[in-house]
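A quick write-up on the structure given underneath.
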Amino acid sequence: MQVVISAGSVMLDNLAAGFIAALEEGSETLATTSWLLAMSRDVASHQELGRIIHGLDPDLLIVSMGVWELDAVANDMHDPGWRDRYTTDVLARFVDRVTADGAQILWIGMPPWNNEPEADDLQTLQDIYRSFARQDDRVSFLDVSEYVADASGRFTFELPDAAGNP
């Protein structure tokens, strides 16, 4: 299996080595990474990702978009109709391009963001990706919040075990 990990967030960039090790351990899997800062405004990374996808013909693309994508769209997010335009003009086009040869996408959601006011806007982006995955068989969405959020929904480094201990 060929896998491309397209880090669009520091979180996924930090997890990439672990993904690669897990995917390649005892299998015929070849995994590689490609940096994609933002789907909306990062033309050079789009070209590089396209080159890698064309060369590898991956079965799976692991993607996560975070604060850099938010930074690229933040000025437009609150305009009427923005969500529909973003879904159609940015997200759907990206998915069409990277799955043209049959690859599937595993979209890794961002963990809770404790910095206001970006937290609400980042959550809006995650809601768009989650909703898109529900409607498109080429995309699966993994919500990481259950692994890194406390009872109030804020990011934490410690969660209780079955006995309630950290």
(request) Please identify every one of the chymotrypsin sites (Phe, Trp or Tyr not before Pro) in the range 79-166 that sits in a loop by DSSP and has no more than 15 other beta carbons within 10 Å of its own beta carbon. (result) F157
(request) Can you find, among P111, G18, G81, the residue farthest towards the positive end of the dipole of the chain? Put +1 on the C-beta of Lys and Arg, -1 on that of Asp and Glu. (result) G81
(request) Pull out a ≥ b ≥ c, the square roots of the eigenvalues of the alpha-carbon gyration tensor of the range 80-160, then state rounded if a/c is under 1.5, prolate if not and a/b is larger than b/c, and oblate in the remaining case. (result) oblate
(request) Multiply the residue separation of E28 and R51 by 0.36 nm, subtract the distance between their alpha-carbon atoms, and state the gained length in nm to one decimal. (result) 6.1 nm
(request) Give me the percent of the accessible area of the chain that comes from carbon and sulfur atoms, probe 1.4 Å, all protein chains in place. (result) 50
(message) Defining a contact as two alpha carbons under 8 Å apart and six or more residues distant in sequence, what relative contact order in percent does the chain show?
(response) 20
(request) Calculate the dipole size of the range 15-165 relative to its Cα centre from +1 charges on Lys and Arg beta carbons and -1 charges on Asp and Glu beta carbons; express the result in debye to the nearest 20. (result) 320
(request) Kindly identify the range 66-126 as rounded, prolate or oblate by the Cα gyration tensor criterion: order the square roots of the eigenvalues as a ≥ b ≥ c, call it rounded if a/c is under 1.5, otherwise compare a/b with b/c, prolate if a/b is larger, else oblate. (result) oblate
(request) Mind giving me the nanometre distance, one decimal, between the label points for N115 and D136, set 7 Å out from Cα along Cα→Cβ? (result) 2.7
(request) Counting only heavy atoms of the protein chains, get the accessible area per residue of the chain (1.4 Å probe) and round it to a whole Å² value. (result) 55
(message) What are the extents of the Cα atoms of the chain along their three principal axes, in Å, largest first?
(response) 48, 47, 27
(request) Quick one: among P80, P111, P58, which has the greatest mean-square fluctuation in a GNM of the chain with alpha-carbon springs under 10 angstrom? (result) P80
(request) Compute the longest continuous run of the chain that contains no exposed GluC sites (Glu not before Pro); treat a site as exposed when its DSSP state is not H, G, I, E or B and it has at most 10 other Cβ atoms within 10 Å. (result) 29-157
(request) Determine, from the Cβ-Cβ distance of N75 and R97 and an R0 of 41 Å, the FRET efficiency 1/(1 + (r/R0)^6), rounded to the nearest 0.05. (result) 0.95
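The values are calculated or read from the model by the stated rules, or taken from the named source; none is laboratory data. Not measured: the values here are computed from a predicted model. Heads up, the Cβs are rebuilt from the backbone with ideal geometry, glycines too, and the neighbour counts pull from every protein chain shown. For accessibility, only protein heavy atoms count, side chains too; no ligands or nucleic acids. Shrake-Rupley method; radii C 1.70, N 1.55, O 1.52, S 1.80 Å.
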